[in-house]
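Before any comments, here is the structure.
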Amino acid sequence: MCSIIPVHLIQKHSYLINLGLLFCLSVRWGAAQSRFLCSSSPEESKSRPSMLRHLTTKLKATGPITVAEYMREVLTNPVTGYYVRNNMLGPDGDFITSPEISQIFGELLGVWIISEWMGAGRPKQLQLVELGPGKGSLAGDVLRVLSQLRSVLGEASVSLHLVEVSPALSLLQAQNLTRSCSQEADSEDEPVYRRGETAAGLPVSWYRRLDDVPAGFSIFVAHEFFDALPIHKFQRTQKGWREVMVDIDPDKPDKLRFVVAPSPTLASSTLVQADERRDHVEVCAEGGVIVQQLSKRITEEGGAALIADYGHDGTKTDTFRGFKGHQLHDVLSSPGSADLTADVDFSYLRRMAGGGVACLGPVSQRTFLKNMGIDTRMQVLLRSCVDPTTRKQLISSYDMLTNPIKMGERFHFFSLLHHSRLAKPKKTEGLKLDKKKSPAPLPVAGFTDEKIWQ
Ligand code: SAH
């Protein structure tokens, strides 16, 4: 039997493993099959206004629009947006994400959340905030770990806050997290547009924007959220940087095409770095604003943010692409029917976070999950699992998450932390310390041995 070890006595890696071994959860099978939202019927699709018609009308009235505006309209338009009305996640959808592949992913993030809460001195209140929760699977797996480790959390009051733009997905999240016990707000102006309670009695609230989440010590999680935010695209030309825009193809009026703005736009004059060396750049200004908000909140209220996504460190150029039915899809063809995405530029997020917080990573998903003890967790699950099909599924999902040529190296983890979290702890009474050496700060789970930007 494992016992809980006081945090100040815990060594670098061992305490994570101890936390990991404390919860003995069963394998979440069957869930994968039942987690699909029903697609809408052909009749429903016919009666919906067409996104292409909406865009061509707009383009005729205003002229070319930025790629960011195109992406925003296509993904989050309140009536016809891709996220607002589609069931995109899972084998029957357009793409599959790590939390949908294996419960271990969310469980390890749950352990990370608890270890950061402990590292922050166990505040009495813990707001768990997820940006873009999809089907709610990640939050569900995290909550299960939190409830298994309730004794570690002690008297801390835990609440769940979900930032979700899609009413349809919020309903699905509510079904999964609150057993359908949730209520919509009476008015559209309410910052909390849905409320509910988990089976364990934890309050859950839904917001359209991060701004609406109440202040307080919070741990923020964003998995495959930043890649869905609108990007601006810029092209180096002989006349300087120019913004890439979307226009109607003059030869085919029901088709869209990319054009390069003839003169600088506000975005091309302000968003490209003066020392930029690439010839083509994508900048997610909206992602930058959200990171600034996270940074401000963490500085003022304490807490941490964990951002996981596919991305690069300011090296890639053209990464804008579409996904439909797990296949690459032309970003300008049948808008609204496919997911649009771009790699996250972590160097940009780090720049936007500013000096108010410490940034860790990006580290590869493989490194992060291995540092978090995925191998030990797998052994525990395999030991308790005799069914050959389930064992096979466990092993193949582990491979999908960690294999360098699958998701292991493509996805990265990046974190924002309060500076105090990395400060050297004060000498503890009764603890014999070498006077010449000052004690090292408690390691940040998953990022151990990584360079720290402060
Ligand atoms: N995190 C989930 C889902 C990823 S898909 C997973 O890993 O499985 C992206 C999610 O972000 C969806 O829930 C989508 O509706 C939401 N989303 C996209 N753009 C958003 C925005 N601007 N504001 C809030 N939520 C957004």
Inspect the range 182-204 for any residue being within 16 Å of the ligand (Cβ to nearest atom), surrounded by fewer than 21 Cβ atoms within 10 Å (Cβ to Cβ) and in a helix (DSSP H, G or I) and give the result as yes or no. no
Taking the stated definitions as given, is Val386 over 30 Å from Phe258 (Cα atoms), away from the ligand (no atom under 16 Å from the Cβ) and part of a loop (DSSP other than H, G, I, E, B)? yes
Conditions (1) outside any loop (DSSP other than H, G, I, E, B); (2) surrounded by fewer than 21 Cβ atoms within 10 Å (Cβ to Cβ); (3) acidic (Asp, Glu); number of the one not met by Glu276: (1)
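Going by the conditions given, is Ala222 farther than 30 Å from Ser333 by Cβ and surrounded by 17 or more Cβ atoms within 10 Å (Cβ to Cβ)?
no
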In the range 59-85, which residues are assigned to a helix (DSSP H, G or I), within 22 Å of the chain's Cα centre (by Cα) and polar (S, T, N, Q)? Thr76
Give the residue that is farthest from the ligand (Cβ to nearest atom), with candidates limited to residues of the range 119-136 that are in a strand (DSSP E or B) and either at pLDDT below 95 or not aliphatic (A, V, I, L, M) (or both). Gln125
So, of the residues in the range 162-181 that are within 12 Å of the ligand (Cβ to nearest atom) and touching a strand residue (DSSP E or B) at 6+ places or on another chain (Cβ under 7 Å), which turns out to be nearest to Val129 (Cα to Cα)? Leu162
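Name the residue that is farthest from the chain's Cα centre (by Cα), counting only residues in the range 220-252 that are within 30 Å of Leu160 (Cα to Cα) and small (Gly, Ala, Ser). Break it down into steps so the answer makes sense when it comes.
Residues of the range 220-252 within 30 Å of Leu160 (Cα to Cα): 220-231.
If we keep only those that are small (Gly, Ala, Ser) as well, we get 222, 228.
Values: Ala222: 2, Ala228: 10 Å.
Once the filter is applied, the top-ranked residue is Ala228.
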Select, from Gly140, Gly110, the only residue that is away from the ligand (no atom under 12 Å from the Cβ), under 15 Å from the mean Cα position of the chain (by Cα), within 23 Å of Phe368 (Cα to Cα) and modelled with pLDDT of 95 or more. Gly110
Identify all residues within the range 305-327 that are closer than 23 Å to Glu69 by Cβ, without any contact (Cβ under 8 Å) to a residue 24 or more places away in the chain and surrounded by fewer than 21 Cβ atoms within 10 Å (Cβ to Cβ); write none if there are none. Arg321
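Restricting the search to the range 337-367, which residues are polar (S, T, N, Q), over 21 Å from Ala445 (Cβ atoms) and away from the ligand (no atom under 16 Å from the Cβ)?
Once the filter is applied, which keeps residues that are polar (S, T, N, Q), over 21 Å from Ala445 (Cβ atoms) and away from the ligand (no atom under 16 Å from the Cβ), the range 337-367 yields only Ser347.
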Among the numbered conditions (1) in contact (Cβ under 8 Å) with a residue 24 or more places away in the chain; (2) acidic (Asp, Glu); (3) touching a Phe, Trp or Tyr at 6+ places or on another chain (Cβ under 7 Å), tell me where Glu224 comes up short. (3)
Those residues that are among the polar types (S, T, N, Q) and outside any helix (DSSP H, G or I), I need them from the range 137-176; list them, please. Ser157, Ser159, Ser166
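Can you give me the ranges of the strands (runs of 3 or more DSSP E) entirely in the range 208-259 with at least 3 residues that are within 12 Å of the ligand (Cβ to nearest atom)? Quick ask: steps written out before the conclusion?
On the way: elements: 218-223, 232-237, 240-249.
Filter on the range 208-259 gives 218-223.
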A careful count of residues in the range 348-368 that are farther than 17 Å from Gln293 by Cα and either in contact with a Cys (Cβ under 7 Å, 6 or more places away or on another chain) or among the hydroxyl-bearing types (Ser, Thr, Tyr) (or both) gives 2
What pairs come out if I take residues in the range 75-103 that are within 30 Å of Tyr398 (Cα to Cα) and touching a residue at least 60 places away in the same chain (Cβ under 8 Å) and pair them with residues that are more than 8 Å from the ligand (Cβ to nearest atom) and aromatic (Phe, Trp, Tyr) whose C-beta lies under 6 Å away, six or more apart or interchain? Asp94/Phe323; Phe95/Phe323; Ser98/Phe105; Pro99/Phe105
Just the residues that are surrounded by fewer than 16 Cβ atoms within 10 Å (Cβ to Cβ) and more than 20 Å from Tyr83 (Cβ to Cβ), please, taken from the range 157-181. Ser157, Arg179, Ser180, Cys181
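The values are calculated or read from the model by the stated rules, or taken from the named source; none is laboratory data. Just so it is clear, the model here is predicted, and its values are computed rather than measured. Every residue, glycine among them, receives a Cβ derived from its backbone with ideal geometry; neighbour counts consider all protein chains shown.
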